[in-house]
Amino acid sequence: MGEYLTAVGESVAEYSEKHSRFIATLRHCETEQEANSFIEEMRSKYWDARHNCFAYSVCKGARSRFSDDGEPHGTAGKPILDVITGSGVTDIAIVVTRYFGGILLGTGGLVRAYSKSSKEALQNAEIAEMVSATVYETKCHYTDHARLLKLIESYNGIIKDTEFTDNITLTYVLTDDVTEDFLLKLSETFSAKITAKEICKQILPFVKKNKGI
């Protein structure tokens with residue numbers, strides 16, 4: 001069923017080492033343009049920081065990039081990207097902002113700090129499984145509404161809209177792995193009097209994972 005994992009919205013984590021402050025900000029980004037806009041936003045927000053290092057993996061993992069932003073080569077951007085790729089989560093960007101505390105951390109300390117803060121931002125994020133799904137529309141009588149809702153919910157369907165007129169019109173989403181069985185059950189339950197009209201196909205954040213990966 002699963003297509004790929006991504007993070008929903010934004011999350012932040014903060015880590016300190018030898019008075020240096022590392023602020024990791026993660027955001028869902030689907031394209032390089034979105035990722036670059038996010039990076040510029042963080043640079044503007046933390047304009048007074050010594051470094052704003054970043055990495056991203058977008059276009060379902062097809063495109064990635066990282067930057068050390070003045071830190072020693074290989075100590076910041078690459079460790080952030082390694083955290084992203086190792087997690088299996090894509091369509092995200094992470095910017096780690098560093099406020100220098102006056103004490104040098106060395107290459108090992110920098111790699112550890114950028115990796116740890118990035119991992120914590122991922123652990124704080126809400127992870128969603130993007131899956132192939134179909135949006136359906138079904139009309140029913142008021143007397144059938146409760147049974148129809150129970151059937152949709154039994155297949156982990158998500159109700160998107162309900163319209164109350166002479167009848168009730170439900171718009172809902174089902175993952176494609178259950179649709180065939182659902183349609184058969186729908187026909188059996190209501191003796192073929194109620195049908196599901198396919199509206200469109202989508203890739204949606206359908207199954208929410210527990211926080212952390």
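The values are calculated or read from the model by the stated rules, or taken from the named source; none is laboratory data. As the structure is a prediction and not an experimental result, all values here were calculated from the model. Here the Cβ positions follow ideal geometry from the backbone for every residue, glycine too, while neighbour counts run over all protein chains shown. Heavy atoms of the whole protein, side chains included, go into the accessibility calculation; ligands, DNA and RNA do not. Shrake-Rupley method; radii C 1.70, N 1.55, O 1.52, S 1.80 Å.
Conditions tested, residue by residue: (1) polar (S, T, N, Q); (2) within 30 Å of residue 72 (Cα to Cα); (3) modelled with pLDDT under 95.
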| residue | (1), (2), (3) |
| --- | --- |
| 112 | no, yes, no |
| 127 | no, no, yes |
| 137 | no, no, no |
| 146 | no, no, no |
| 158 | no, no, yes |
Which one of these does residue 173 not meet: (1) open to solvent by less than 50 Å² (accessible area, probe 1.4 Å); (2) in contact with a strand residue (DSSP E or B) (Cβ under 6 Å, 6 or more places away or on another chain); (3) assigned to a helix (DSSP H, G or I)?
(3)
Open to solvent by 20 Å² or more (accessible area, probe 1.4 Å), in contact (Cβ under 8 Å) with a residue 24 or more places away in the chain and of a type in the set (Gly, Ala, Ser): is that true of residue 101 in this structure?
yes
Within the stretch 181-202, can you find the residues that are open to solvent by 50 Å² or more (accessible area, probe 1.4 Å) and within 27 Å of the chain's Cα centre (by Cα)?
198, 199, 201, 202
Quick check on my filter: what residues within the stretch 176-195 are in a helix (DSSP H, G or I) and among the β-branched types (Val, Ile, Thr)?
179, 189
Could you count how many residues in the stretch 104-131 are of a type outside the set (A, V, I, L, M, F, W, C), open to solvent by 10 Å² or more (accessible area, probe 1.4 Å) and touching a strand residue (DSSP E or B) at 6+ places or on another chain (Cβ under 6 Å)?
5
Name, by its number, the condition in (1) closer than 23 Å to residue 29 by Cα; (2) assigned to a helix (DSSP H, G or I); (3) not polar (S, T, N, Q) that does not hold for residue 112.
(1)
